[in-house]
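Report on one structure; see the data block that follows.
The numbers here are math on the coordinates, done by the rules we state, and not lab data. Being a predicted model, the structure only gives us computed values, none of them experimental. Positions of Cβ are backbone-derived with ideal geometry, glycine not excepted, and every protein chain shown enters the neighbour counts.
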Amino acid sequence: MCLSASVSFTASGMLLAGGGYASHKAWINSKKYLPVALMPVFAGLQQITEGFVWTGMTSGEPATVLINALGFIFFTWFMWPFWIPLSVYVLEPAESRRKHLFLVFSLIGLSFGLLLYVPHLINLEWINVTINLGSLAYEGTMLLDFIMPRWSTNVIYVALIILPPLLSRYRHVKYFGLTLTGVVVIDYLFLSYAYISFFCLLAGLATLHLIYIISRNKCRRECPVLFS
């Protein structure tokens, strides 16, 4: 997490435990929940990488910082833009007219994520992690910076992760989309000095909402055939 290594590791333990429980419930209730159930697991793994970024920063080990920063931005820039739309696609019933739209979102997110992440593997000097006001700030060069302003990249990113849940047929998945919207607003208004780190923390904690949806099988009421 953006505050300290110990808090990152604590958050990761909570998310991994919750995600493991959600995955178990998804296996029992409906395997269509599995992509959603894995989101807290991925968020927990991401927090582990940030914990080790902190460890590297405080101990003066640039190799530790670099390796784990690559892991952190793997989830940030590559994983979430396609996994969230994919999860909504898997949940959506076959008769939904929006189901194919979510697949398109996921494919766009996959291409977008590759554009954001892969260049960092080739240009390691683009990765720049600093401590700003006691929080980790991931500020560096991105390939799309040579094509369009950073705010445009951020708008596309936010649209890819928020619009699919908001457009879902299921009311509680829409609520998760609203939760993510709230995270973006808070991050933009109050935490912009380390917005990537704070966003991933808050979005990771927002996945706890998904554990509630799965554990209570909230989609069953709206689609009992798929979730009975």
For residue 132, what residues show an amide H to amide H distance below 5 Å, using hydrogens built from the backbone and excluding near sequence neighbours?
137
Whole-Hz ³J(HN,Hα) from phi, Karplus 6.51 cos²θ - 1.76 cosθ + 1.60, for the stretch 96-112, glycine and proline x:
5, 5, 8, 4, 5, 5, 5, 5, 4, 4, 5, 5, 5, x, 5, 5, 5
Linear extension gain, residue 28 paired with residue 107, 0.36 nm per residue minus alpha-carbon span
25.6 nm
Sorted by Cβ density within 10 Å, fewest first, the residues 112, 105
112, 105
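Please give the FRET efficiency for residue 6 paired with residue 175, using the beta carbon to beta carbon distance and R0 = 35 Å, rounded to the nearest 0.05. Numbers along the way, then the final one.
Working: r = 31 Å, r/R0 = 0.89.
It comes to 0.65.
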Looking at the stretch 27-135, which trypsin sites (Lys or Arg not before Pro) are DSSP coil and have at most 12 other C-beta atoms within 10 Å of their C-beta?
97
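What is the packing order of peptides 40-53, 151-164, taking the mean over residues of other C-beta atoms within 10 Å and listing the highest first? Working shown, then result.
On the way: 40-53: 23.4, 151-164: 17.3.
Ranked from most to least packed, the peptides come out as 40-53, 151-164.
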Which GluC sites (Glu not before Pro) does the stretch 65-174 hold that lie in a coil by DSSP with at most 16 other beta carbons within 10 Å?
95, 139
Starting from the Cα of residue 128, step 7 Å along the direction of its Cβ; do the same at residue 156; then give the gap between the two resulting points in nm.
2.1
